[in-house]
Amino acid sequence: MQTLTIISHTEHYKLPDGTIVGLGSTVTEINQLLDLFDNIIHVAMLHDESAPPSSLPYVSDQITFVAIPALGGPKFSDKLSILWKIPSVLKTIRLAISKSDSFQFRAPTGIGVFVIPYLVVFSRKKGWFKYAGNWKQKSAPLAYRFQRWILKNQSRKVTINGIWNDQPKQCLSFENPCLTQEELELGHEVIQQKQFKPGAIDFCFVGRLEDEKGVGLLIDAFMDLPEAEKAKINTIHLVGDGKSMSDYKLKVNNCGLNFRFHGFLSRQDVHKIYQVSHCMILPSANEGFPKVVSEAMNYGCLPIVSDISSISHYIKDEVNGFLIYPITPENLAKKIKIVLNLTDSEYSQMVTSQINERIKFTYSYYNTRIKHEILDV
């Protein structure tokens with residue numbers, strides 16, 4: 001019986017009936033790890049708020065959720081409060097790992113500042129670290145730079161986004177998994193049937209509705225398009241929520257474009273948005289390799305994404321998507337115009353370019369790599 005302990009900052013919530021649910025993308029990934037482990041213990045943060053629709057339950061009682069307090073926040077007092085919780089958090093982690101054969105720590109996160117050193121120095125269990133952020137972020141917060149420095153200077157394996165000439169030997173380039181085999185097959189069917197016609201072209205954005213993710217910039221780019229280009233657009237779907245949503249809604253009011261704010265959606269409903277969209281846009285300032293990019297591409301969405309971190313390792317400009325840099329409304333608008341003026345055959349050629357690469361983003365492919373390259377089985 002092999003047991004894995006996962007330690008993360010993943011948001012979890014308790015439903016009125018007592019069911020624990022967590023961030024859908026992470027929960028789905030952990031559910032899939034049951035193909036490798038008999039039992040999984042997930043030590044993560046439990047929030048008091050209502051669960052968003054994007055949250056999911058675990059699929060098996062072989063996965064045990066162990067709560068730690070929701071730590072951190074934007075205020076100095078939020079960060080200071082972490083100090084008082086360090087002993088109890090480490091005690092919880094130590095107990096969970098004592099019941100396990102191996103561990104995975106998901107970085108970067110606020111608790112990584114003290115959990116990573118603890119694991120490196122005091123834990124003798126087999127384990128690895130998943131660094132899901134931008135491995136090459138130049139202006140990263142001090143806490144993230146510290147975590148990256150430790151991971152570069154310890155011996156356990158670290159999975160990172162992208163392929164870098166100077167990465168230490170223990171740092172392995174891994175794709176961020178996000179697709180089941182069924183979703184891969186459905187995506188192939190959707191692509192075969194999807195048509196690209198002026199006046200019926202849909203765009204989508206999936207993520208937090210905030211300027212850091214480029215939502216304000218996205219809106220400006222669309223609003224600055226000539227009327228002839230706007231007429232080619234059917235709907236611009238924005239999936240997600242954030243403090244600025246009401247401001248964004250006010251900004252696009254009476255702009256002549258059909259912006260549709262969906263709020264949080266379930267994983268299944270997000271995939272339905274991809275299925276009707278022809279292009280997904282993510283002009284964010286900082287990313288690792290977002291799962292939403294490969295999810296959207298699976299259903300025939302051409303990505304228009306920032307040329308940062310490892311994104312250009314997978315997205316080739318005007319081959320299977322479009323890269324933006326510098327990240328400005330003007331540069332984004334240029335890429336949108338190119339998309340709007342593609343022919344149906346040009347669109348199909350771009351969508352199917354490197355289509356076989358999608359398998360690298362499946363959970364089965366990821367699990368195989370974990371088995372052979374991390375666990376050495």
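The values are calculated or read from the model by the stated rules, or taken from the named source; none is laboratory data. Everything numeric in this text was worked out from a predicted model, so none of it was measured. Note: ideal-geometry Cβ built from the backbone for every residue, glycine included; neighbour counts use all protein chains shown. Keep in mind that these areas ignore ligands, DNA and RNA; they rest on the heavy atoms of the full protein, side chains included. Shrake-Rupley method; radii C 1.70, N 1.55, O 1.52, S 1.80 Å.
Okay, here's what the table says:
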| quantity | calculated |
| --- | --- |
| Some residue of segment 64-78 being in contact with a Gly (Cβ under 7 Å, 6 or more places away or on another chain) and in contact (Cβ under 8 Å) with a residue 12 or more places away in the chain | yes |
| Pair list, Cβ < 8 Å and 6+ apart or interchain, from segment 348-366 residues that are within 11 Å of G321 (Cα to Cα) to residues that are part of a helix (DSSP H, G or I) and open to solvent by 80 Å² or more (accessible area, probe 1.4 Å) | none |
| Members of segment 69-93 that are touching a helix residue (DSSP H, G or I) at 6+ places or on another chain (Cβ under 8 Å), open to solvent by 10 Å² or more (accessible area, probe 1.4 Å) and either modelled with pLDDT of 90 or more or closer than 14 Å to I40 by Cα (or both) | P69, I86, L90 |
| Near pairs, Cβ below 9 angstrom, 6+ apart or cross-chain, from segment 108-122 (under 18 Å from T159 (Cα atoms)) to any residue that is open to solvent by 40 Å² or more (accessible area, probe 1.4 Å) and hydroxyl-bearing (S, T, Y) | P108/Y144; T109/Y144; G112/Y144; V120/S155 |
| Subset of segment 37-68 (residues that are under 27 Å from V239 (Cβ atoms), modelled with pLDDT of 95 or more and buried (at least 18 other Cβ atoms within 10 Å of the Cβ)) | H42, A44, M45, A51, S55, L56, Y58, I63, F65 |
| Which numbered condition Y274 fails, given (1) within 20 Å of P53 (Cα to Cα); (2) assigned to a strand (DSSP E or B); (3) not basic (K, R) | (2) |
| Tally of residues being surrounded by fewer than 20 Cβ atoms within 10 Å (Cβ to Cβ), in contact (Cβ under 8 Å) with a residue 60 or more places away in the chain and of a type in the set (A, V, I, L, M) across segment 319-332 | 1 |
| Scope segment 1-42; condition over 22 Å from L265 (Cβ atoms), out of contact with any helix residue (DSSP H, G or I) (no Cβ under 8 Å at 6 or more places or on another chain) and part of a helix (DSSP H, G or I); matching residues | L34 |
| Count - residues of segment 284-318 that are closer than 21 Å to L217 by Cα, open to solvent by less than 10 Å² (accessible area, probe 1.4 Å) and either in contact with a Pro (Cβ under 9 Å, 6 or more places away or on another chain) or part of a helix (DSSP H, G or I) (or both) | 8 |
| Within segment 154-172, tally of residues that are open to solvent by 80 Å² or more (accessible area, probe 1.4 Å), over 22 Å from the mean Cα position of the chain (by Cα) and either at positive phi or in contact (Cβ under 8 Å) with a residue 12 or more places away in the chain (or both) | 1 |
| Enumeration of residues in segment 207-233 that are open to solvent by less than 40 Å² (accessible area, probe 1.4 Å) and either hydrophobic (A, V, I, L, M, F, W, C) or in contact with a helix residue (DSSP H, G or I) (Cβ under 6 Å, 6 or more places away or on another chain) (or both) | G207, L209, V215, L217, L218, I219, A221, F222, L225, E229, I233 |
| The lone exception for R260 - which of (1) more than 24 Å from S55 (Cα to Cα); (2) in a strand (DSSP E or B); (3) open to solvent by 70 Å² or more (accessible area, probe 1.4 Å) it fails | (1) |
